[in-house]
1. Can you compute the charge dipole magnitude of the protein assembly as shown about its Cα centre, using +1 on each Lys and Arg Cβ and -1 on each Asp and Glu Cβ, nothing else charged? Give it in debye, rounded to the nearest 20.
2. Spin-label point model (7 Å from Cα, Cβ direction): what's the residue B:351 to residue A:269 distance in nm?
3. Non-local amide H neighbours of residue A:232 (under 5 Å, H modeled in plane, Pro and chain starts lacking H): which ones?
4. Loop by DSSP (not H, G, I, E, B), at most 10 other beta-carbon atoms within 10 Å: where is the longest site-free stretch of chain A for GluC sites (Glu not before Pro)?
5. Given the -39500 (n - 2.57) contribution per DSSP H run of 4+ residues, what per-residue ellipticity at 222 nm results for chain B, rounded to the nearest 500 deg cm²/dmol?
6. From the phi angles alone, apply the Karplus equation (6.51, -1.76, 1.60; θ = phi - 60°) to the range A:112-126 and give each ³J(HN,Hα) in whole Hz, x where the residue is Gly or Pro.
7. Expected output is a single nm value to one decimal: the length gained when fully extending between residue A:323 and residue A:196, i.e. 0.36 nm times separation in residues minus the C-alpha distance. What is it?
8. In this model, which of A:71/B:84; B:111/B:230; A:71/A:334; B:84/B:327 are farther than 30 Å apart at the alpha-carbon?
Amino acid sequence: MTEVQKPGTDPKPGEPGSVPASSDREPLLAVRHLRVEFNTRRGTLTAIDDVSFTIAPGEVLGVVGESGAGKSITGTAVIGLLEPPGRIAGGEILLEGRRIDNLPFEQMRKIRGRHIGAIFQDPLTSLNPLYTIGRQIVETIRTHLPMTETQARARAIELLQEVGIPAPERRIDNFPHQFSGGMRQRVVIALALCANPRLIIADEPTTALDVSVQAQIITLLKRLCREHGTAVMLITHDMGVIAETSDRVAVMYAGRIAEIGPVQEVIHNPQHPYTMGLMGSIPSIGASAEHLPQIEGSMPRLNAIPRGCAFNPRCPRVFDRCRVERPSLMPADKSLAACWLHAPEMAAPGAKSDWAEGAVHG
Amino acid sequence: MVEAAVRPPPRPSPKGEGDHIKNGEQVPLIEVRELVKDFDVSRPWLNRVIEGAPRQLLRAVDGVSFAIQRGETLSLVGESGCGKSTVARLICGLYEPTGGSVVFDGVDLGKVTSRSEMLQLRRRFQMIFQDPYASLNPRWRVRDIIAEPMRSLGLVKAAGLCDKRVAELLTSVGLSPQDMDKYPHEFSGGQRQRISIARALSSNPEFLVCDEPTSALDVSVQAQILNLMKDLQREHGLTYLFISHNLAVVSHISTRVGVMYLGRIVEIADTNTLFERPLHPYTQMLQSAIPDITMSGKPRVPVAGEVPNPLDPPGGCTFNPRCPYAKDKCRVERPPLAPFDGASVACHGIHDGWIPIRTAAHA
């Protein structure tokens, strides 16, 4: 990238840097310039604004951000479960090279479950309390795979065994309320795995669980993905969970991706001032700082996203350009960051040290 | 008189000069002795009569004792259902204890009979709740929310003085005095929690019970609230009881930490001691269960099982079914919370020496 992208001009797909490439492999999921809008009485709110990322087969992409950053909406858009007034207003979503964002509801229904599985935060609301878990799993299997009742039941027991439910042949006839929170989440994972999907969207899968159970579920998810080669889009607000599970991580802020890169890099060498602030504000055991570094203020509401970079009013390193022009993702060390500090002309040798004062060259 | 009305309580300086020292020993600000709380979870009366089902009691808090010194922050950590919030509510008088006592500044709260005396004591401790969306009345203006404790305790009579005090409080928690005319829905979660803190501070208390005050907040906002709480503690000489399930938050804010499991304290020690040398197997397990954000690649203690049903807790040490070191003694005899090398721990294995003592290596 030799020239800085002007705001509003979309980079052409396929151009280097336009879609963050995860690896050389053909991406399993490619989201390009996704835009999600909500029509409300007080005007249109843009919840997701020009978000692009890819997920390679077998890869775990963590999506992290604070509440209202748009991480869950991104997940819901991918599985086609956006509810009105939310709608995809632009961009495209490709699963194995095939567009899925404009499919009719019935066709999307076949993809959901068969090709994309979903795990939601609250395991109690994702299961129907009136049916035994066996019936729910068997129904899901038979919807997607050509199996008889007996075969499907055998597979259901196998799945329950795999997700670590003791005595699955007895437990299969239990109702959801007879399971504890952690066990229920295991059942939900079994449901998501039913048809052996290539991609799982996991939206805060461990947030409702206690730490000890959370650790068990993380270990389980990691093992299953490794064994099945399933790719995961893991949406969470917990950087610790991301660090434990993900290969790459996308940090979202106010409906945009602020930074995306390998998990090691983003955690140990954050490039976007927001990521730096976010990492700093997480308390850690053993650190004896009297004060936690804090980001002043809070995330803007959707109807008041500032001009230029959405983070500029809170950014300690803000300079004039940030208030006017919106940065796209640009290479920053080993990651991509949407921050003018990494504009090519800023990255000239020696320029790094005087970022703060807004010394823009060129 | 005007001064006294604006700053209601003429209270002793936080770092006491003699008035809380008895026989050369410092009297803790709050002391909890063998606190027990049972909840009646029986079936309805008719069912019991027809089905002959027995009365069923759930022991949420089972003999908890601790003391908090002035200016200290004691945290209680544990997983959901361990009784930490019940302890907080018992101390604040939101629940009546089934057994045991809460002693505040030398006065047993259970033995106070006169209403005026109780009001005098009540003024000195306040509570901050977890959910800032549920703990503020949506129909009240911020002014009324914050002034409520002052009004109900009869600390401030004149409306003008009340506003002055509210403005002062809003400024001290990082909001603007103009905010007092707004309603709670006009604020974000972090700002609402600031309002809760201002409300708690309005009667100028010495002791704050904070029940998961940052659990509903995002990390960057959590950092703001934790910093604010630390600043206020220093300025006003506050004492905190901090309830949380997040060990990292606890390690940041507390001077001492108590770990609870199924209604009992299994280990209590100074923060540094507890995190550097966790003794009880449950404490060790909790620590290793936290996702490792530094990605140091340290091995985890495998975690097995879940918290058992509190209606039917295991005999002996309640942790025994999940404990990798459990022996026969643990299944029969309940271990007492006893001092061990700078900490207190309720574990046979530690006291009898069959559990190796490991120090956690934090970089």
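Throughout, read-outs are computed from the coordinates displayed, never taken from laboratory work. These numbers come from a predicted model, not from an experiment. Methodologically, a virtual Cβ is constructed for each residue, glycine included, from the backbone with ideal geometry; neighbour enumeration extends over all protein chains shown.
1. Numbers: 80 positive and 79 negative charges, 252 e Å.
Taking the Cα centre of the protein assembly as shown as origin, the dipole is about 1200 debye.
2. Simple spin-label model gives 5.3 nm for this pair.
3. A:59, A:60, A:61, A:200
4. Values: sites that count: A:3, A:290, A:357.
The answer is A:4-289.
5. On the way: 13 runs with 116 residues, N = 363.
Taking each H run of at least 4 residues, the total per residue is -9000 deg cm²/dmol.
6. Along the range A:112-126, the couplings run 5, x, 6, 9, 10, x, 9, 10, 9, 4, 9, x, 6, 7, 7 Hz.
7. Values: separation 127, 0.36 × 127 = 45.72 nm, distance 4.67 nm.
Here the answer is 41.0 nm.
8. On the way: A:71/B:84 32 Å; B:111/B:230 33 Å; A:71/A:334 23 Å; B:84/B:327 27 Å.
Over 30 Å Cα-Cα: A:71/B:84; B:111/B:230.
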